[in-house]
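Colleague: So that we are looking at the same thing, I have put the structure below in structure tokens.
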Amino acid sequence: MNNIDLRSDTVTRPTSAMREVMATAEVGDDVFGDDPSVLRLQEASAALLGKEAALFVPSGTMANQVALRTHTEPGDEVVLEATSHIYLYEAGGYAALSGISAWCVQGDRGLLTAEQVSGAIRPEGGLSHFPNTSLVCLENSANRGGGTVYSVDRLAQIEGVVRAHGLRFHLDGARVFNAAVAQDVDVATLAAPFDSISFCLSKGLGCPVGSVLVGSRAFIDRAHRFRKMLGGGMRQAGILAAAGLHALENHVARLAEDHRRARRIAEELSDVPGVDVDLSSVQTNMVYIDVTATGLAASHFVSSLAEQGVHLTAVSPTALRAVTHLDVDDAAIEAMLAAFSVAAEAA
Ligand code: TLP
């Protein structure tokens, strides 16, 4: 029986080489600030993204929430894309934890333009009725956009708008290494326009736990306090940080393989009668599969595939998502495609 898990790139298990570095990691107590492996991971992350400092946190959600709280004051407003993770999938944390409102703009495949961002910023110095726009957040790659990526040019245009209004600029870069590898640009180039970037070690990079928030020294010093407030201070976290260091050294370039495999799934499935894949949005390691025209529900595909040992998630009654990662090879992709054809035969 197959066991091919394409529900997310969060499902990866640590490799044996990663387990080895975890088992032998030098540790201290990171709440006392003396875990050498955490300090090394933070230094390496800041250097890689071209910023002054970094903070290791348990999850991508916490990295984003700490960033929102650090950049804003209650009563402020953040500009977000309407399908962004911060808006859709963080349990309303922006409102509950930072006391801010969100102005959501529907992008094209998850991506905003400079004009759209400009149009969502409240007028300055005007009526005291308005919330104060203080922050703009983007997501790169954009998960619900299909794993789509912001180009360096688009980011520069949006940065121009953000700076002209004196706002702060945060990137949810949960998969920013995918975005960098897909465009063959340095991750620091994609990070440069932003004041802060969160990125995940526990997605395509293959770690069991962990995300990193990077920014200026002053930003990270303030963020440190909010990580504590949210309960994100960890003790012998060097065991996890060692996995992160290993991943940054060994698992970045290989993301290109995940992208090639996602492309293979997309191209093959778009030939299945009734199945629709927007090939233009398949830019990294995700494939969103619309099955409306098969007349079958997404849940039919989820259960038929599961019976064949292949796991995908339904993202709506008529659409599924497949995500490639470290634990799926070419043979797994071919097996997944064969299982999908069987599931589609019920149409
Ligand atoms: N995304 C998960 C789900 O929560 C949807 C997934 O399977 O894709 N930013 C982005 C863009 C994300 O996709 C995710 C997780 C996060 C932040 C949050 O990371 P975690 O799960 O570590 O809190």
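Colleague: With a cut-off of 8 Å between alpha carbons and a minimum separation of six or more residues, what is the relative contact order of region 254-344 in percent? Intermediate results must be reported in sequence, preceding the final value.
Modeller: Working: 135 pairs, mean separation 27.4, N = 91.
It rounds to 30 percent for region 254-344.
Colleague: Still on this structure: Normalising by the residue count of the chain, find the relative contact order in percent from Cα pairs under 8 Å and 6+ residues apart. Numbers along the way, then the final one.
Modeller: Numbers: 735 pairs, mean separation 85.5, N = 347.
Result for the chain is 25 percent.
Colleague: On to the next question. At a 1.4 Å probe radius, which order do V287, V209, V105 fall into by accessible area, largest first?
Modeller: On the way: V287 0, V209 50, V105 20 Å².
Highest to lowest solvent-accessible surface, that is V209, V105, V287.
Colleague: With every protein chain kept in place and ligands, DNA and RNA left out, what is the accessible area per residue of region 254-344? Probe 1.4 Å, answer in Å².
Modeller: Working: 3430 Å² over 91 residues.
Solvent-accessible surface per residue comes out at 38 Å².
Colleague: If you don't mind, another one. About the Cα centre of the chain, how large is the charge dipole given +1 on each Lys and Arg Cβ and -1 on each Asp and Glu Cβ? Please answer in debye to the nearest 20. If you can, show how the numbers build up before the last one.
Modeller: Details: 26 positive and 41 negative charges, 152 e Å.
So the dipole magnitude of the chain works out to roughly 740 debye.
Colleague: Expressed as a whole number of Å, what is the distance separating the alpha-carbon centroids of region 298-312 and region 252-267?
Modeller: Computed from Cα coordinates, the inter-centre distance equals 22 Å.
Colleague: A follow-up question, please. Leaving out ligands, DNA and RNA but keeping every protein chain, what accessible area does K228 have, in Å² rounded to the nearest 10, with a 1.4 Å probe?
Modeller: It works out to around 120 Å².
Colleague: Something else about it: Rolling a 1.4 angstrom probe over the protein chains, ignoring ligands and nucleic acids, what is the accessible area of S202 in square angstrom, nearest 10?
Modeller: 20
Colleague: Find how much the distance from V11 to R109 grows on full extension, using 0.36 nm per residue of separation minus their present alpha carbon separation; answer in nm with one decimal.
Modeller: Values: separation 98, 0.36 × 98 = 35.28 nm, distance 2.45 nm.
Result for the pair: 32.8 nm of gain on full extension.
Colleague: Still on this model: Under a crude label model (7 Å from the Cα following the beta-carbon direction), how far is V315 from R235 in nanometres?
Modeller: In this crude label model, V315 to R235 measures out at 4.0 nm.
Colleague: Counting only DSSP beta bridges with both residues in the chain, what percent are antiparallel, rounded to the nearest 5?
Modeller: Numbers: 21 of 41 bridges.
Among the beta bridges of the chain, antiparallel pairing accounts for roughly 50 percent.
Colleague: Quick one: how many Å² of R7 are accessible to a 1.4 Å probe, rounded to 10?
Modeller: Roll a 1.4 Å probe over it and R7 shows about 110 Å².
Colleague: What are the ³J(HN,Hα) couplings of region 340-347, residue after residue, when phi is run through the Karplus curve with 6.51, -1.76, 1.60 and θ = phi - 60°? Round to Hz, x for glycine and proline.
Modeller: 5, 4, 4, 4, 6, 5, 5, 5
Colleague: Calculate what fraction, in whole %, of the accessible area of region 206-341 sits on carbon and sulfur atoms when a 1.4 Å probe is rolled over the protein chains.
Modeller: Details: 2910 of 5370 Å².
Answer for region 206-341 is 54 percent, counting heavy atoms of protein chains only.
Colleague: Ignoring any ligand, DNA or RNA, what whole percent of the accessible area of region 54-200 comes from carbon and sulfur when the probe is 1.4 angstrom? Don't skip to the answer; put the middle values down first.
Modeller: Numbers: 2620 of 5190 Å².
Looking at region 54-200 in its full context, I get 50 percent from C and S.
Colleague: Looking at region 7-97, which GluC sites (Glu not before Pro) are DSSP coil and have at most 10 other C-beta atoms within 10 Å of their C-beta?
Modeller: Counting only loop positions with at most 10 other Cβ atoms within 10 Å, none of the GluC sites (Glu not before Pro) in region 7-97 qualifies.
Colleague: Using only helices, what value at 222 nm comes out for the chain when you add -39,500 (n - 2.57) per DSSP H run of length 4 or more and divide by the total residues, to the nearest 500 deg cm²/dmol?
Modeller: -12000 deg cm²/dmol
Colleague: Antiparallel versus total DSSP beta bridges in region 98-248: what percent is that, nearest 5?
Modeller: Values: 7 of 16 bridges.
Antiparallel bridges: around 45 percent, rounded to the nearest 5.
The values are calculated or read from the model by the stated rules, or taken from the named source; none is laboratory data. The shown structure was predicted, so the numbers you read here are calculated from the model rather than taken from an experiment. Positions of Cβ are generated from backbone atoms using ideal geometry, with glycine treated the same way; all protein chains shown enter the neighbour counts. Just the protein is used for accessible areas: all its heavy atoms, side chains included, with ligands, DNA and RNA removed. Shrake-Rupley method; radii C 1.70, N 1.55, O 1.52, S 1.80 Å.
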